[in-house]
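Heads up: the structure comes next, in structure tokens.
The values are calculated or read from the model by the stated rules, or taken from the named source; none is laboratory data. In this text, all values refer to a predicted model and were calculated from it rather than measured experimentally. Cβ placement follows ideal geometry from the backbone for every residue including glycine, while neighbour counts extend to all protein chains displayed.
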Amino acid sequence: MDEVQLDRWDDLSEWARDRVAPVDAVPLEKLQPPKANLYSASLGRIGLMRTSYGTSTQISADELSGAPVVAATNLQGYSVPSLSRSTAHLNKVDDSFLFDLAKTGHSSRLSDDAVQLHLAFDQKLLNEISYSWFGNLPERSTWCPKTPFGGDNTFWNSSLRYIMRLVAETSQPISAQNIRHIEETLCSNLVRSWAAQSGIDISAGKKVVVPRIVRTAEEYIIEYAADAPTLTEIASALDISVRNLTLNFKKFRGCTPGQFIREQRLQVTRKALLEADQDQTVSQIAASFSYIHMGEFAKIYRNRFGELPSETLNRSK
């Protein structure tokens with residue numbers, strides 16, 4: 001978790017770039033410095049940010065290959081995101097706005113009292129859970145790249161409140177099982193809302209039942225993630241071939257078993273850093289989870305969680 005207060009526009013743009021994508025933030029009132037309160041955290045493969053700038057602000061981001069799908073929800077104040085060059089939409093409290101930065105740029109004006117919750121969804125995660133829950137859906141190119149959605153008394157708003165309450169009431173680091181639950185809850189509700197706004201019938205997708213073998217493999221990987229099990233070890237434990245294991249993961253989870261293993265190793269390592277004793281070091285903890293090259297580990301960790309492992313460790317002391 002990361003919480004900062006910033007009073008320089010350049011610092012604010014840099015903070016956003018490190019967590020979502022390159023973002024420009026400028027005051028709507030000339031020479032007015034920000035009084036920004038910014039908070040960020042990771043919920044598995046979903047980035048969470050809460051932002052307030054303390055003055056009316058224009059934010060903009062360019063289209064960027066591989067960038068996340070972002071859902072911005074107003075907790076206070078209002079925003080006016082652009083739908084096109086000539087049209088915009090007024091979003092009030094509890095209203096949300098989705099923009100796929102891999103397909104389009106984004107621009108929005110914010111009131112001086114605006115507080116927003118941003119959720120940044122990894123593209124691979126959305127594809128994985130979309131396929132798992134709804135089957136074969138139309139190509140993303142046919143979906144609205146930006147659209148208002150949500151609002152009070154909607155499934156999306158209810159899921160946000162549920163997840164935020166779950167996070168707030170969890171005093172210990174969130175377990176891998178709960179992380180997966182959070183990812184599936186938010187992603188499935190986002191896809192439902194996005195499809196409805198795009199005029200896409202998700203019930204038309206071919207329903208797929210995830211085989212027991214995939215779920216058993218996931219349970220095995222989560223249990224033994226600290227040992228960095230090889231694909232051969234996993235396949236042997238499940239009495240299947242590595243090829244069969246890989247094909248099933250690609251078909252039903254949209255990722256390889258290796259990608260799933262790497263994610264779970266990072267999660268258990270982060271949990272250990274957050275629960276570390278006073279005299280433990282990053283190197284000791286990383287080595288206990290089979291990481292050998294510390295520089296490479298630090299790079300992978302920062303790319304995944306937005307901070308160095310040493311910064312995570314320092315917060316636990």
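Listing for the model above:
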quantity: Glu218 part of a helix (DSSP H, G or I) and under 23 Å from Val167 (Cβ atoms); calculated: yes
quantity: Subset of segment 289-317 [at pLDDT below 90 and polar (S, T, N, Q)]; calculated: Ser290, Asn303, Thr312, Asn314, Ser316
quantity: Residue pairs meeting the criteria (Cβ under 7 Å; at least 6 apart or on separate chains; first touching a residue at least 40 places away in the same chain (Cβ under 8 Å), in segment 24-46; second of a type outside the set (D, E, K, R) and part of a loop (DSSP other than H, G, I, E, B)); calculated: Leu28/Ser56; Ser40/Gly306; Ala41/Met1; Ser42/Gly306
quantity: Yes/no for Ala272 being in contact with a helix residue (DSSP H, G or I) (Cβ under 9 Å, 6 or more places away or on another chain), among the aliphatic types (A, V, I, L, M), under 20 Å from Ile174 (Cβ atoms) and surrounded by 16 or more Cβ atoms within 10 Å (Cβ to Cβ); calculated: yes
quantity: Test set (1) without any contact (Cβ under 8 Å) to a residue 24 or more places away in the chain; (2) small (Gly, Ala, Ser); (3) closer than 16 Å to Asn157 by Cα - Ser96 fails condition number; calculated: (1)
quantity: Considering residues of segment 96-139 that are closer than 13 Å to Pro68 by Cα and charged (D, E, K, R) only, the residue nearest to the chain's Cα centre (by Cα); calculated: Asp122
quantity: Looking only at segment 251-288, and only at residues there that are more than 29 Å from Asn127 (Cα to Cα) and not in a helix (DSSP H, G or I), the one that is nearest to the chain's Cα centre (by Cα); calculated: Glu275
quantity: Filter pass, Ser86 being farther than 22 Å from Thr185 by Cα and surrounded by fewer than 16 Cβ atoms within 10 Å (Cβ to Cβ); calculated: yes
quantity: Single unsatisfied condition, Asp112 versus (1) closer than 20 Å to Trp194 by Cβ; (2) at pLDDT 90 or above; (3) not hydrophobic (A, V, I, L, M, F, W, C); calculated: (1)
quantity: Filter pass, Tyr162 being at pLDDT below 80, of a type in the set (Phe, Trp, Tyr) and in the same structural domain as Ala102 (by TED's automatic domain parsing); calculated: no
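Yes/no per residue for (1) of a type outside the set (A, V, I, L, M); (2) touching a Phe, Trp or Tyr at 6+ places or on another chain (Cβ under 8 Å); (3) not assigned by TED's automatic domain parsing to the domain that holds Trp133:
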{"site": "Tyr224", "(1), (2), (3)": "yes, no, yes"}
{"site": "Tyr291", "(1), (2), (3)": "yes, yes, yes"}
{"site": "Asn303", "(1), (2), (3)": "yes, no, yes"}
{"site": "Leu308", "(1), (2), (3)": "no, yes, yes"}
